[in-house]
Amino acid sequence: MADAYDRPLPVPQPESDFYWERAKAHELWLRHCNACGQTYFYPRDICPHCFSRDVEWRQASGRGTLYAFGIVHRGPTPAFREHVPYVVALVDLEEGARMPTNLVGVEPVAEHVRIGMALEVTFDDVTEEITLPKFQPAG
Ligand SMILES: [Zn+2]
């Protein structure tokens with residue numbers, strides 16, 4: 001990392017501590033509901049589909065496809081201004097969860113980003129404490 005990370009950071013909560021710990025180890029983990037069989041994001045102790053508390057952690061493959069994206073040309077806050085353009089994305093993970101993230105490793109122009117393109121997770125160690133899972137074109 002060349003410069004200090006200057007954008008807002010996630011604040012891990014008790015429900016998501018495990019998620020962030022595993023991200024630091026460059027692993028992507030999701031919550032899976034044993035009652036209805038859905039895997040979901042973001043991590044929380046109650047299933048958003050059926051409200052069951054019978055949920056567990058499962059490691060994700062890290063593979064998915066691009067569901068939707070936007071190319072940001074005007075930073076939403078001053079901290080983002082020097083980082084435009086960048087791609088915000090919704091990725092449909094192989095396990096079924098849909099995850100908001102950034103798309104990296106691809107030129108941030110519409111001609112290079114395609115709905116449905118195959119993606120794989122990559123990990124950006126932005127600080128000592130926080131690693132952000134991002135996605136890149138599958139190799
Ligand atoms: Zn459920």
So, TYR86, is that one of a type in the set (Phe, Trp, Tyr), modelled with pLDDT of 95 or more, within 15 Å of the chain's Cα centre (by Cα) and closer than 19 Å to GLU129 by Cβ or not? no
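Working only within the range 24-59, note down all residues that are free of Cβ contacts under 8 Å to residues at least 12 places away in the same chain and surrounded by 12 or more Cβ atoms within 10 Å (Cβ to Cβ).
Scanning the range 24-59 gives ILE46, PRO48.
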Against the condition among the basic types (Lys, Arg) and within 16 Å of the ligand (Cβ to nearest atom), how does ARG22 come out, does it pass? no
Being farther than 20 Å from THR127 by Cα and of a type in the set (D, E, K, R) is true for just one of ASP6, ASP92. Which residue is that? ASP92
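Against the definition (in a loop (DSSP other than H, G, I, E, B) and without any contact (Cβ under 8 Å) to a residue 12 or more places away in the chain), how does PRO108 come out, yes or no?
For PRO108, the condition - in a loop (DSSP other than H, G, I, E, B) and without any contact (Cβ under 8 Å) to a residue 12 or more places away in the chain - is not met.
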Do you know which residues across the range 69-98 are surrounded by 13 or more Cβ atoms within 10 Å (Cβ to Cβ) and among the aliphatic types (A, V, I, L, M)? ILE71, VAL72, VAL84, VAL87, VAL88, ALA89, LEU90, VAL91, LEU93, ALA97
I need a count of the residues in the range 66-80 that are free of Cβ contacts under 8 Å to residues at least 12 places away in the same chain and assigned to a loop (DSSP other than H, G, I, E, B). 3
Where residues in the range 113-139 are β-branched (Val, Ile, Thr) and part of a strand (DSSP E or B), which of them is nearest to PRO8 (Cα to Cα)? THR131
In the range 25-62, how many are within 16 Å of the ligand (Cβ to nearest atom), among the hydrophobic types (A, V, I, L, M, F, W, C) and touching a strand residue (DSSP E or B) at 6+ places or on another chain (Cβ under 7 Å)? 7
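The values are calculated or read from the model by the stated rules, or taken from the named source; none is laboratory data. Note that the structure is predicted; figures quoted are calculated from it, not measured. Every residue, glycine among them, receives a Cβ derived from its backbone with ideal geometry; neighbour counts consider all protein chains shown.
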